[in-house]
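Bear in mind that the values in this text are calculations on the coordinates, not laboratory data. Fair warning: this is a prediction, and the values are worked out from it, not measured in the lab. Because the Cβ atoms are built from the backbone with ideal geometry, glycine has one as well, and the counts that use them run over all protein chains shown.
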Amino acid sequence: MNDLFNEVFGASDAERKTPIEIALGVDGKGMTTARKLYAFLEYDPKNYAKWFRKNILENNFAEEDADFWVFVPKDENHQGGRPTQDAKLTASFAKKLSMMQKNQKGEAARNYFVGVEDGTKKLVEQLPCPLNSQIAADVAKLGNTTVQIMTKQGSAPHKIAEAFLLECQQFGIQLPADFVKKPEYEQIELFE
């Protein structure tokens, strides 16, 4: 999966950022700021304090010191008024906030995540039969039945293993290459 990510995004392990993370200004530590998010959303700068309070400080679905960390920028407030607050945001919290906004950028964020989900579904459909617990249980039952029948018929262990290998392959289950070990010679009985 890492190779697929690198192929699609052309990034090294340290630079792996999705397009939405780049747009939100997420840094190498997986963080962005409320100011960067607000700029991405293209809201009126005069309404920042109200938006900050409502969407970050009073957000019932976010936890301070887990999803965000409030700070006061040092290089601001040259006119001596109340200092403007900012916050470090985790990438996941910033993504959630971007999807909640009721403007074109919020819609773009929602469309991005819907597109990612649709792409994931298509990718999964291209994979061999996805193994879920029910399929695994059914294959195990089939394997046990095969072992019982072939043992009663006197089949050699390696023939039983070959049959089970074929059953697994039909369901897209890959077994180790050395799963079937053919004996160097086959024992035969001279007398019945």
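Among the listed pairs K96/K122; K36/K102; K74/K105; K74/K102; K141/K181, those whose Cα-Cα separation exceeds 20 Å are K96/K122; K74/K105; K74/K102; K141/K181. Once the Cβ-Cβ distance of S155 and Q126 is raised to the sixth power relative to R0 = 41 Å, the FRET efficiency obtained is 0.65. Approximating the spin labels as points 7 Å out from Cα along Cα→Cβ, the K141-to-D44 distance works out to 6.5 nm. Distance from the Cα centroid of segment 33-57 to that of segment 88-164 is 38 Å (rounded to whole angstrom). Computed FRET efficiency, Cβ-Cβ of D178 and E64, R0 45 Å: what is it to the nearest 0.05? Once the sixth-power term is evaluated, E becomes 0.25. Database remark: amide H of T33 closer than 5 angstrom to the amide H of L89 (H placed geometrically; neighbours at sequence offset of 5 or more, or on other chains; Pro and chain starts carry no H). Taking only alpha carbon atoms, segment 22-163 gives an Rg to Rh ratio of 1.38, where Rh is the Kirkwood radius.
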